[in-house]
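Visitor: What follows is a single structure, and I will ask about it in a moment.
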Amino acid sequence: MAEEVNPKAYPLADASLTTKILNLIQQALNYKQLRKGANEATKTLNRGLSEFIVMAADAEPLEILLHLPLLCEDKNVPYVFVRSKQALGRACGVSRQVVACSVTVNEGSQLKPQIQSIQQEIEQLLV
């Protein structure tokens, strides 16, 4: 990672947490519990469907995402930045770069325990 990450991209997941998050995103995609893109993420937040939000710290300009942390804090939803929009896009199962995505609520989902453990780790970062 040669380029410096924008200091506004807080909290930034470390390498091991990023791996866990990207794996969970891939699983969420299979369970149809994933919304890709900043607009979709905003919609899930407004509708109260979001478990947590993942944003790319290398989005250009970063300001296109900075309404999301504010919304997340209003709605009490954990959020986290990962370093690469390219990696986020791959985890979302698309060949394009993805600057933000939302893992959505599904009551009878087998992903619930993993989602909760990631939420706790993200909350640890914010402390």
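Taken together, the values in this text are just the output of simple stated rules run on the coordinates, not laboratory data. Remember, predicted model here, so these are calculated numbers, not experimental data. Methodologically, a virtual Cβ is constructed for each residue, glycine included, from the backbone with ideal geometry; neighbour enumeration extends over all protein chains shown.
Visitor: How do 51, 121 rank when sorted from fewest to most other Cβ atoms within 10 Å of their own Cβ?
Guide: Result, fewest neighbours first: 121, 51.
Visitor: Then there's this: With an 8 Å cut-off on Cα pairs and a minimum separation of 6 or more residues, tell me the relative contact order of the chain in percent.
Guide: 37 percent
Visitor: I would also like to ask the following. What number do you get for the chain when its Cα radius of gyration is normalised by 2.2 N^0.38 Å, N = residues?
Guide: After normalising by residue count via 2.2 N^0.38 Å, the value is 0.94.
Visitor: Is it possible to state the helix-based mean residue ellipticity at 222 nm for the chain, with each DSSP H run of 4+ residues giving -39500 (n - 2.57), the sum divided by total residues, to the nearest 500 deg cm²/dmol? What is it?
Guide: Helix-only estimate at 222 nm: -13500 deg cm²/dmol.
Visitor: Which length gain, in nm to one decimal place, applies between residue 74 and residue 106 when the Cα-Cα distance is subtracted from 0.36 nm times their residue separation?
Guide: Length gained between residue 74 and residue 106: 9.4 nm.
Visitor: Still on this structure, I have one more. Apply the Karplus curve 6.51 cos²θ - 1.76 cosθ + 1.60, θ = phi - 60°, to the phi angles in the range 102-111 and return the couplings in whole Hz, x for Gly and Pro.
Guide: Residue by residue, the range 102-111 yields 10, 8, 9, 6, 8, 4, x, 7, 6, 7 Hz.
Visitor: Could you give the nm distance between label points at residue 49 and residue 120, where each point is 7 Å from its Cα heading toward the beta carbon?
Guide: 2.8 nm
Visitor: Further question on the same structure: Among 12, 72, 111, which residue has its Cα positioned farthest towards the positive end of the charge dipole of the chain, with +1 placed on the Cβ of Lys and Arg, -1 on the Cβ of Asp and Glu, and the dipole taken about the Cα centre?
Guide: Checked the options; the winner is 111.
Visitor: Taking other Cβ within 10 Å of each residue's Cβ, how do 109, 102 sort, fewest first?
Guide: Ascending Cβ contact count within 10 Å gives the list 109, 102.
Visitor: If you don't mind, another one. Would you list, by chain and number, the lysines whose Cα falls below 21 Å from the Cα of residue 36, excluding same-chain residues fewer than 8 positions away?
Guide: Once the sequence-local lysines are set aside, what remains near residue 36 is 20, 75, 85, 112.
Visitor: Fewest Cβ neighbours within 10 Å first, please rank 79, 31 accordingly.
Guide: Final ranking by Cβ density, sparse to dense: 31, 79.
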